[in-house]
């Protein structure tokens, strides 16, 4: 019954608001008249009676407000009214509204976009059960903490001796040539230990997983097991379930298909998807000493599943103990220990630091945005002082006014948040596209529900927080003072207000300086990087990988000669050569080295990079021979073993000596029988070529002729006269006429490798610069706003000063100080913060320190200059005031 | 002074309005005057408290209102008790009596 009545009242109040209000108005008026009438009967004159009656009744609007407040649904009604009123007001004040909404959108857009990327790359859990317990175990040198891959014997001992892991599995990626119908196909695959799938908690969609005994090579006539990816099964085997048990040929060897993984299964997570898995048995077979028997052959990644409840620290303690024991048991190897890294973190890899930097930057931007919005709202609040005073006079209570102001701010922040979210979605799309290829887990990056919630939270939070402070300030009005219209000139409130805004400007300036410094450092570092001499000319060189015949299967040298001759015959090809590893790719081989005349036990030998190259490699790369000679066709397998070293090698191992003619013994002895690899004579010194990225300092490096140190596959390098991309087709046809079974793969130009090496620095620099520009613009707006405010506030004072004979210059100085003081204070604070904060950048910087003195001098000056410019406009306006007019103002 | 007195006894305003309307229907001014008479001038009900109370009670269903003419032929809004209002008056009167007896006893008991 009661409910129905309230519902009826509610509807009536909402629908017939106008009628009810008019009715109430009439009722109160009649009350006043009746009251006056009564007084006249007591002998008061009619005019007097009316005045008394009105005074006794009180304000008409206040009574009406009181009645409205008790009506059912008053709250909703008020909210609707506030929204209507707020929207109207914002519409009238479009410039202010647009500015605020854009600022909020920018802040929320940038933050949400970067957080989406960070979340996708670094935090989103892996799509495996027990993802949180997956840990990468790296094997590193005790002395340098470098390296990360493990040897198979070490892995077996780790697995047998530990009590902290439920399972350990080893894997490496590798490419396989699948011969079948038509063209042979090059497939990206993985060589894994049998337990990998069960460790990850994933079983094949069809067929079975590997059996433990399949880690050992099959009998001489048998075939190793292989598991196919869902995509490969669909593409090459027509989704035929009967594929299980069939034999396929990979790299000429027979393999039995035992299973097909479920769709979307992806591990190891690599730039290119893995399409098939086989067991470690492929490394155990073959003649000589297989890789899996060499404790010194570090080439496997190891992943472990921690036992439930075991902490990373405990696991590390035990594994370090085991590794220490192994080093003691095998003194012939350099001592190694382990590092344990959660799998999620391991996968973020090279993007980790850049993303952390960007996250810091984006938080700075968000803070600046919040401060700016606070500034805008405060300014808006002070402009509305009088309106609010009038509202109080008309009977509005304080809570009501605060509510009204909050509603307006919430409208703005929600609009900004919505726009920001749209911006974020667009930005994420762009970011994913320009993301460097090294970044794993792209497909995980998206703006999902949690991040939408995050954006909504930030916008509401900033709306309430930064709306509330000014709302309370504004609502705390001395009625009489403000209605007298000289509130700005009188009282300490105006000054406190200006101080508050000065503080905001200071904070903005400080944050802007931090971002600007960071961006400038990165920008300079990027310029340094692009100007780095990589030691070769990357333009117009096509590269591709090719399996060459092994010495037992054919004559690699003859194959190369024949193929090179055909490629060279293509018009436009300048030179052709090949190498085991390419510059800038970072996948160079490490080898121990013994210097003639300095016999050292194998455990403590120095290490250097090792590469194996064809004749003409340095010419094709356009790398200069500093001393001695290049390899020639005479440096064959049967001739004296020779080696060319780079400048760093020469300086490090032969300081103040001529290395030409000296002998060294690289630890890699491909092409020679078992036992110690041969001593090689140094015949030349080559300039330093950047092997592992542009930032890395050149490492000592040795080059042996491919004929004396055969490798397969090798990278071919073809220098061309015009755009090298156009030559891939014709070279493939040349290869086809020569040999049918081996495809070309990894076709890329050296320029592309160069750009890839720059991609992460470019991305970070670009984004950080964008953030810095936004920050500076916002800070500018802040300074401009505060100076304009102060100028308006002191118009009267300026008028008096000018009337008393102050010169324009003095007035300008007066006003400029108002803007510059907080800006300079903020700048100084920014320098202090940056001295600490830029340390985060140190690993990203090349060619300068994180506290580069020149940058730290120039940027604060720049910031001050910008603040000066932002203050100049309002200051000039103040100086050009007509004293008469400014005194008449208000 | 009247202001402070009404403030203290705000809770009794509803009861007084109901009592004022118990005999006859009245307009706002009339209710204020009647309350003054009934309490021998101890209560001066101001328009700022009277009107919100009237509207609240009307929404609660204790009163109904209609436009009519005053004794001096002026248009005025009159209020009348409903059945619900009469019942409310009864309960509130009983409550009040119980409370006032209890409080008087408490004050005398020292």
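The values are calculated or read from the model by the stated rules, or taken from the named source; none is laboratory data. This is a predicted model, so every value here is computed, not measured. In this analysis, Cβ positions are derived from the backbone assuming ideal geometry, glycine residues included, and neighbour counts consider all displayed protein chains.
Apart from one condition, residue B:45 fits all of (1) at the interface with chain A (Cβ under 10 Å from one of its Cβ atoms); (2) at pLDDT below 85; (3) buried (at least 20 other Cβ atoms within 10 Å of the Cβ); the exception is (1).
One residue stands out among those in segment A:109-161 that are surrounded by fewer than 16 Cβ atoms within 10 Å (Cβ to Cβ) and within 30 Å of residue A:771 (Cα to Cα): the one that is nearest to the chain's Cα centre (by Cα), which is A:123. Pairing each residue of segment B:50-61 that is within 7 Å of chain A (Cβ to nearest Cβ) with any residue that is surrounded by fewer than 19 Cβ atoms within 10 Å (Cβ to Cβ) and outside any helix (DSSP H, G or I), provided the two are 6+ apart or on different chains, yields C-beta distances under 8 Å for B:61/B:82.
Taking the listed residues A:645, A:574, A:570, the one that is surrounded by fewer than 17 Cβ atoms within 10 Å (Cβ to Cβ) and in a strand (DSSP E or B) is A:574, with no other qualifying. Considering segment B:69-87, and only residues there that are surrounded by 13 or more Cβ atoms within 10 Å (Cβ to Cβ) and closer than 29 Å to residue A:40 by Cβ, the residue that is farthest from the other protein chains (Cβ to nearest Cβ) turns out to be B:80.
Right, residue A:58: in contact with a helix residue (DSSP H, G or I) (Cβ under 6 Å, 6 or more places away or on another chain) and over 30 Å from residue A:372 (Cβ atoms) or not? First the steps, then the outcome.
Details: in contact with a helix residue (DSSP H, G or I) (Cβ under 6 Å, 6 or more places away or on another chain): yes; over 30 Å from residue A:372 (Cβ atoms): yes.
Against the criterion (in contact with a helix residue (DSSP H, G or I) (Cβ under 6 Å, 6 or more places away or on another chain) and over 30 Å from residue A:372 (Cβ atoms)), residue A:58 qualifies.
For segment A:780-790, the condition holds for no residue, the condition being that it is in the same structural domain as residue A:872 (by TED's automatic domain parsing) and either surrounded by fewer than 18 Cβ atoms within 10 Å (Cβ to Cβ) or closer than 30 Å to residue A:571 by Cα (or both).
Within segment A:1-51, being at pLDDT 80 or above, within 13 Å of chain B (Cβ to nearest Cβ) and loosely packed, with under 11 Cβ neighbours inside 10 Å holds for A:41, A:42.
When only residues in segment A:626-647 that are touching a residue at least 24 places away in the same chain (Cβ under 8 Å) and out of contact with any strand residue (DSSP E or B) (no Cβ under 7 Å at 6 or more places or on another chain) count, which is nearest to residue A:710 (Cα to Cα)? Among those that are touching a residue at least 24 places away in the same chain (Cβ under 8 Å) and out of contact with any strand residue (DSSP E or B) (no Cβ under 7 Å at 6 or more places or on another chain), it is A:637. Number of residues in segment A:220-239 that are surrounded by fewer than 13 Cβ atoms within 10 Å (Cβ to Cβ) and either in contact with a helix residue (DSSP H, G or I) (Cβ under 8 Å, 6 or more places away or on another chain) or on the phi > 0 side of the Ramachandran plot (or both): the value is 2. Inspection of segment A:268-276 finds a residue satisfying the criterion of being under 40 Å from the mean Cα position of the chain (by Cα), outside any loop (DSSP other than H, G, I, E, B) and surrounded by 15 or more Cβ atoms within 10 Å (Cβ to Cβ). Determine if segment A:74-96 includes at least one residue that is within 11 Å of chain B (Cβ to nearest Cβ), out of contact with any strand residue (DSSP E or B) (no Cβ under 8 Å at 6 or more places or on another chain) and closer than 21 Å to residue B:54 by Cβ. Yes, segment A:74-96 has at least one match. State all residues of segment A:157-181 that are assigned to a strand (DSSP E or B) and within 30 Å of residue A:309 (Cβ to Cβ); if no residue qualifies, say none. Passing the criteria: A:165, A:166, A:167, A:168, A:169, A:170, A:171.
Screening residue A:284 with (1) farther than 22 Å from residue A:216 by Cβ; (2) in contact with a helix residue (DSSP H, G or I) (Cβ under 8 Å, 6 or more places away or on another chain) gives one miss only, at (1). Of all residues in segment A:538-557, those satisfying the criterion of being outside any loop (DSSP other than H, G, I, E, B) and modelled with pLDDT of 80 or more are A:541, A:542, A:543, A:544, A:545, A:546.
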